[in-house]
């Protein structure tokens, strides 16, 4: 059963090579009658029978006219994809369980393309009109099922416009990918995690989460929404977050090997702490397998750590 | 994109418009309650769309369907048959409007609409009806398009324009199919619509019926002659003969309907013509004496009338050849002559006495006939559509008391007297004359041209036709009924609406003739484009045709048209007009075949360098081409296309002839796909 899709994939690879932008042309568009089209043909057959049996020339003429409309509709349906260009947009990294959102841009170099639908069959297609000589941007969301790179594979572009009796489609590979971080799971870090024995103070603070409230600072991307100071916001002071500072001591080291449990739950726990510590502006280090990320702070550091967690144990490091 | 999606506004608008347009031509033969049903359903539907009314519950739907079925049963007397079927179809078409929720339901409605248009052709397939039906078809197509459009921001007019252009683009292919698609005979017999208004001659006739007919200006048939149109007084179109007389009515004899070809020999010059007759609901065809028709199932019957097994229930075109001077049955058998001498046992004593007198006075049948004709000519007989009432003996009353009447009175009375004096005679019913259409050189014969005349039999000369009406009102024969009845114009039914009334106004008359001629062309070329007619036309166009040749021709012309349309729509010549870029694309394709695909965003130089490493054997040629391209493209140097072409050629020669596609370098790992 797996052989057929494999052959199809290989054939598609040759015919529609992957790339960040793909223009649909005659080699890349396929066309077939839809179920509605088949019933249209059956209706035409019945009309032809009526024309024959009643020897009615007008009934013949109407049957032939609608048959010709069917043929003309092949050209129109096909044309409604021909020349359309699809470009990959970026995708933001998400945590496992959230909807991944991948952007695709559709560009028309000439005419208007009506009712083009784009998406993956299992998650539903989105219907858009691409204006003449213009672009339109689509956000395609997908459920995330496991961490790492989410590569949804070939994108289906189809159109039944104008009559719905034919469907023209193409499978394009825009090499879309979204990074999926592990699902953050709150929990306690073990007492001794990567900290020197003598600095017990810091570890207690980390484990319990009781921190010194230090004041307010402006909100910046990556800060937890739970720390927003709504009262200040309502007073018109802008978005402020409550800032906490960990107790003095060495920067904590989040060490994968020190944790118990299966791989995924360990990653989830680390993920939670990466997010948590980053939101507190507290420097931390991460050690996972052979990689050690030195203690640092900031969005970049946070993302690097999360990426390392997401890709732990996975072969391919980065998509094209 | 499933078809279960809700119906977009645009689709619904056009669906409603299409429904009105589809139902309109059906109104002529639909019961009135259908209109009420439609109004109710349309309002309900709009309210559903505005979210002011719910969809009907299933028991209401069932109730409405049952109600419609009952309505059809009571107004049509049953649920079977074409007429009831059409009402049911329209009722379903209307009820589906309220019931439809999804796009799929709406498509069912559209298909029902197409069927309803086809059924409307069974009731009326005239030129106007044909042109009109383009309107519902465009609206139905617009509805189909509207159903596919994305719900936001679409307007009804562009949708309509697209539907119209689809239809226009389909017309050439439709014409090819219409001309070349082989026509078959009916595969099985189907009920025909009943209420096609048929007026015309009947199997039997009393004077009153004929007067009724003379008031109708409905068309009976049109005839075009290959040669010049014969004079009016030659145009006696025979339909049927009346051989039996019961004292009041003249009727057809069953024996005369036997398909025995009577004995006759052609004489004189033949007249060739073709006729398109309107549906008459009778099996007989019209022709000048003596006619031969070369359509398969048409026969000359024993009394010289033409008939076919089935009634003529749709316009019929046939070719005929007549020999007006033919000698007919010079040696008729006793059975035929016996039928032509039968009279009721009693009644009309004065006429019988006069017949006996005539027989004594004249030696030959011819002389008797002459005497009768001059009697009508010399006595004060008059021609009128309002004859005075006569008593029990209608022949006596007319001949001796009232002295006025029209063709059937004269023909009937003359036949009666001839029979009474021992001369075999019968009444011939048909049409006389016709109106010449100057714009088409053909004749239109109407119901008011219905006429009756006499033929009598004489040994040696066979059957001879005479027209007693001519003796009384020669203008009836020479110029037509309306001229003859100037004073009784108002008797002609619908004369006010009829443009014929205004024939003194020159341009209006021209308009009428032009329109009539258009209709006639429509009937001859479109409606009758069936079976033998098609074969005849095709043979005229392409010489000898067989089904294989036709099929090939159809596929070839169809394909040609589709290719032309594809070129027109897709404009492939616009794809890449930049010659340099075209060369570079050729370069790209060539290298891609050898395993080096240009990556997105990779410039010409980088690409060439990478390719040169990958294909060291052709490195020089690759660099040469890339250099030329860069120069032409970016250094603003004058383009030398030929040089680029030559460079590409030498590269092609350098590379192995059959490329083995290996995994593209710097490409993608296929496992991810």
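For the residues of B:523-529, the average number of beta carbons from a partner chain within 10 Å of their own beta carbon is 2. Taken over chain B, the ratio of Cα radius of gyration to 2.2 N^0.38 Å equals 1.46. Each of A:302, B:548, A:160 has some number of other Cβ atoms within 10 Å of its Cβ, and from fewest to most they run B:548, A:302, A:160. Averaged over peptide B:165-177, the number of partner chain Cβ atoms lying within 10 Å of each residue's Cβ comes to 6. Size descriptors for the range A:85-169, from the alpha-carbon set: Rg then Dmax equal 14.0, 42 Å.
Treating the range B:78-199 as a set of equal point scatterers at the Cα positions, no solvent, please give the Debye-formula log₁₀ I(q)/I(0) at q = 0.09, 0.10, 0.21, 0.23 Å⁻¹. Computed log10 I(q)/I(0) values: -0.35, -0.43, -1.35, -1.40. In whole percents, the pair-distance distribution calculated for the range A:1-143 from its alpha-carbon pairs, binned every 5 Å from zero, is 2, 8, 12, 15, 15, 14, 11, 8, 6, 5, 3, 1, 1, 0.
Ranked from largest, the principal axis spans of the Cα set of the range A:1-75 equal 56, 31, 14 Å. Set the Cα radius of gyration of the range B:239-343 against 2.2 N^0.38 Å, with N its number of residues, and you get 1.11.
Can you give the Rg/Rh ratio of the range B:513-593, where Rg is from the C-alpha atoms and Rh is the Kirkwood radius? Rg/Rh for the range B:513-593 comes to 1.35. Remark: C-alpha extents of the range B:351-437 on the principal axes read 47, 32, 22 Å, sorted largest to smallest.
Could you tell me what fraction of 2.2 N^0.38 Å the Cα radius of gyration of the range A:40-102 comes to, as a two-decimal ratio?
So the range A:40-102 has a normalised radius of gyration of 2.18.
The range B:315-334 and the range B:579-607 have Cα centres spaced 84 Å apart. Each Cα pair of the protein assembly as shown feeds into the Kirkwood radius, which the Stokes-Einstein equation turns, at 4 °C and 1.567 mPa s, into a diffusion coefficient of 35 µm²/s. Once the mean of 1/r is taken over each pair of separate Cα atoms and inverted, the range B:1-115 shows a Kirkwood hydrodynamic radius of 14.6 Å.
Which of rounded, prolate or oblate describes the range B:301-415 when judged by the alpha-carbon gyration tensor and an a/c cut-off of 1.5? It is prolate, given that a/c is not under 1.5 and a/b is the larger ratio. Estimated translational diffusion coefficient (Stokes-Einstein, Kirkwood radius over Cα pairs, 10 °C, 1.306 mPa s) of the range B:168-240: 89 µm² per second. Helical runs assigned H by DSSP (4 residues or longer) give chain B a calculated mean residue ellipticity at 222 nm of -15000 deg cm²/dmol, each run adding -39500 (n - 2.57) before division by the residue total. Here the range B:284-331 is treated as a sphere whose radius is the Kirkwood value from Cα pairs; by Stokes-Einstein at 25 °C and 0.890 mPa s it diffuses with a coefficient of 213 µm²/s.
Between the alpha-carbon centres of the range A:103-149 and the range B:7-58 there is a gap of 36 Å.
Counts of other chain beta carbons within 10 angstrom of each beta carbon in peptide A:68-81 average 6. Shape class for the range B:183-281: rounded, because the ratio a/c of the largest to smallest gyration tensor axis (alpha-carbon atoms, square roots of eigenvalues) is under 1.5. Over 14 Å apart: what share of the alpha carbon pairs of the range B:344-390 falls there, rounded to a whole percent? Value for the range B:344-390: 65 percent of Cα pairs lie more than 14 Å apart. Dimensions of the range A:96-141 from C-alpha coordinates, computed as largest minus smallest value along each principal axis and given longest first, are 40, 16, 9 Å.
Every number here is computed from the coordinates shown, using simple stated rules; none is lab data. The model shown is predicted, which means the values in this text are computed figures rather than measured ones. When we count neighbours, we look across all protein chains shown, and the Cβ atoms used for this are built from the backbone with ideal geometry, even at glycine.
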